[in-house]
C-alpha cells in the first residue's frame, strides 16, 4: 500500500473515499473538512455522535467520491494515540474490503490528540496502513472471478511527513512478518524450517546467521533444549541472528525468543482443547525475527542479536520424562516435574548463551505461562524485570506503540522456595499459584546477574480470536513494535 501526501484542497479530492476520525466534540465543528455539513446534520439528528467504537458509511451518489466513512473516537479527554491508531486501522480495513482503492485521511483536526508528537500522526498512519490489510489466507482456495478481499492501494494524507510514515510502515511490516510466520502450522514450520526462514531473511537483509543442529547443541552443552526436542522426529535448533550497524554500535542488545513450533505438552500431554493454536507457541521466536527485520530496515545504531530456541514438544518413546534430570548450558541441573513446562527449558540454554555475549541488556519474548494470561487477560502482556530503568523504558515504548504491558513481580521469596529439588539444583514446575512469577525466577537462574534483563510473557495476547484495532484474527505479533521502539531510543 502506498501512502502519499495530499497537497490539494479538500474540495478537489476525487478519490474513492474519505475517512474521517471524529471525537464527540468534533461533530459540530468541522467547517474545512469534506463531509463536514453531513456530519453536522447527522450529529444534530443523533444519527452519529462520534462515540468510541461507532462508525457510519455514507455512500455518495454524486461527484467522484464513492463513500464517506465516519469513525468515532469518543470524548477528547479520553482520546489517545493508541485509540487513533486502532480506529485508523479499523476504518482503512473497512474501506479496503468495500473495494475502495484510494482513501483520503485528514488528521489535522486531531493534532492535540498527539500530545508529545511521538509517535507522530504520520508514523501512526504508516503503522495502521501497514497492519490493517493483513490476513492469513494462503491455504484457502481462490475462486475464479472472486473479488480480492482487500482492494485499498493508496492512502492520501494532508500534511504527511513521508519519512515518518515510512518508519511506521517498517514497524508494521516487522509485525506482519512475525504474524505470517507464527500463523504457519506445525506441518509447515519445524525447528529446521524456522531456521531456514531465519537464514533466508538474513540473506535478504545482510544479517549474520548461525544455526546449531542437534550435534552442535550436544557439543555446546545445551541439554535443556535437547531434552525438550527429544520426543520429536524434527530435531531442535538454536538460531543466532546478528545485526550490526555501519560504524561503531552505541550498545548491544540480545533478544531471546521461545520457538516451540508445536506444543503437545509432551508426555504430560495437553487436553485437546488446549492443544489447538499451539502452532503459535513459536510466537516469541517469530517476534524476535520481526524485530531483527525492523532493526535492519531502519538502520539502527544498535548491535542486535536474536537467539531463537526452537524445538517441537512431542510425546514418543524417546521423549524426556517427568523425574528426568537435565543439565543446562551453565551446568545447573533441572528436575523435570512437568514436560509441559518446556518453554522455560529452551529459554534457559538460550539465556545462558545470551549472557555470554556480554550485552547491555537482554530481553526474552515467550508464550510462557497460562498463569500470565489468567492474571492479565487476552489484551495485556506481562513484563517481568528487577531493573527499574529497563522496565520504565519498555513500558514507555509499549505505551507509544499501543501494545499494553503490565509490570509484574520478578521475585518472591516464598515462590523461590518452591524451585528447590531434593535431587537437582531446581525443578522446572511449581505450585499452581504464582506460576508466571515462578517461571520468571526459574529463568533468572540462567542470566548473568550484572546484565539488565526483562522477560516478556506474551501468553494470552499472541493469538486473537477476532479482529480488533490493528489486529486481525490469528497470530498477533504482539511486542514487535514495542521492542523496535525501545531499540530506536
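The values are calculated or read from the model by the stated rules, or taken from the named source; none is laboratory data. Since the model is a prediction, treat every value here as computed from it, not as a measurement. Neighbour counts are summed over all protein chains in view; Cβ atoms, including those assigned to glycine, are modelled from backbone coordinates with ideal geometry.
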Inset, instruction - Provide a single number: the residues in the stretch 370-383 that are on the phi < 0 side of the Ramachandran plot and within 17 Å of the chain's Cα centre (by Cα). - result: 9
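Matching residues to (1) closer than 21 Å to residue 464 by Cα; (2) in contact with a strand residue (DSSP E or B) (Cβ under 6 Å, 6 or more places away or on another chain); (3) outside any loop (DSSP other than H, G, I, E, B):
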residue	(1), (2), (3)
119	no, no, no
136	yes, yes, no
164	no, no, yes
173	yes, no, yes
Inset, instruction - Considering each residue of the stretch 146-160, count those that are part of a loop (DSSP other than H, G, I, E, B) and touching a strand residue (DSSP E or B) at 6+ places or on another chain (Cβ under 8 Å), and give that number. - result: 4
Legend entry - Unmet criterion (only one of (1) at pLDDT below 95; (2) touching a strand residue (DSSP E or B) at 6+ places or on another chain (Cβ under 9 Å)) for residue 265: (1)
Inset, instruction - Could you please give the count of residues in the stretch 389-417 that are more than 30 Å from residue 126 (Cβ to Cβ) and either touching a strand residue (DSSP E or B) at 6+ places or on another chain (Cβ under 8 Å) or surrounded by fewer than 18 Cβ atoms within 10 Å (Cβ to Cβ) (or both)? - result: 9
Inset, instruction - Kindly list the number of the only condition in (1) in contact with a helix residue (DSSP H, G or I) (Cβ under 9 Å, 6 or more places away or on another chain); (2) part of a helix (DSSP H, G or I); (3) modelled with pLDDT under 95 that fails for residue 53. - result: (2)
Legend entry - Residue list for the stretch 361-387, filter: surrounded by fewer than 18 Cβ atoms within 10 Å (Cβ to Cβ) and either farther than 25 Å from residue 81 by Cα or touching a helix residue (DSSP H, G or I) at 6+ places or on another chain (Cβ under 6 Å) (or both): 370, 374, 386, 387
Inset, instruction - Determine if the stretch 82-100 includes at least one residue that is outside any helix (DSSP H, G or I), touching a helix residue (DSSP H, G or I) at 6+ places or on another chain (Cβ under 7 Å) and not assigned by TED's automatic domain parsing to the domain that holds residue 474. - result: no
Inset, instruction - Assess whether residue 76 counts as being in the same structural domain as residue 37 (by TED's automatic domain parsing) and in contact (Cβ under 8 Å) with a residue 60 or more places away in the chain. - result: no
Inset, instruction - Name the strands (runs of 3 or more DSSP E) wholly inside the stretch 296-354 in which the number of residues that are surrounded by 24 or more Cβ atoms within 10 Å (Cβ to Cβ), assigned by TED's automatic domain parsing to the domain that holds residue 204 and without any contact (Cβ under 8 Å) to a residue 40 or more places away in the chain is 1 or more. - result: none
Inset, instruction - State yes or no: is residue 424 crowded, with 21+ Cβ neighbours inside 10 Å and at pLDDT 95 or above? - result: no
Inset, instruction - Counting only residues that are touching a residue at least 12 places away in the same chain (Cβ under 8 Å), more than 22 Å from the chain's Cα centre (by Cα) and surrounded by fewer than 24 Cβ atoms within 10 Å (Cβ to Cβ), give me the helices (runs of 4 or more DSSP H) lying completely in the stretch 198-294 with at least 1 of them. - result: 214-219, 223-229
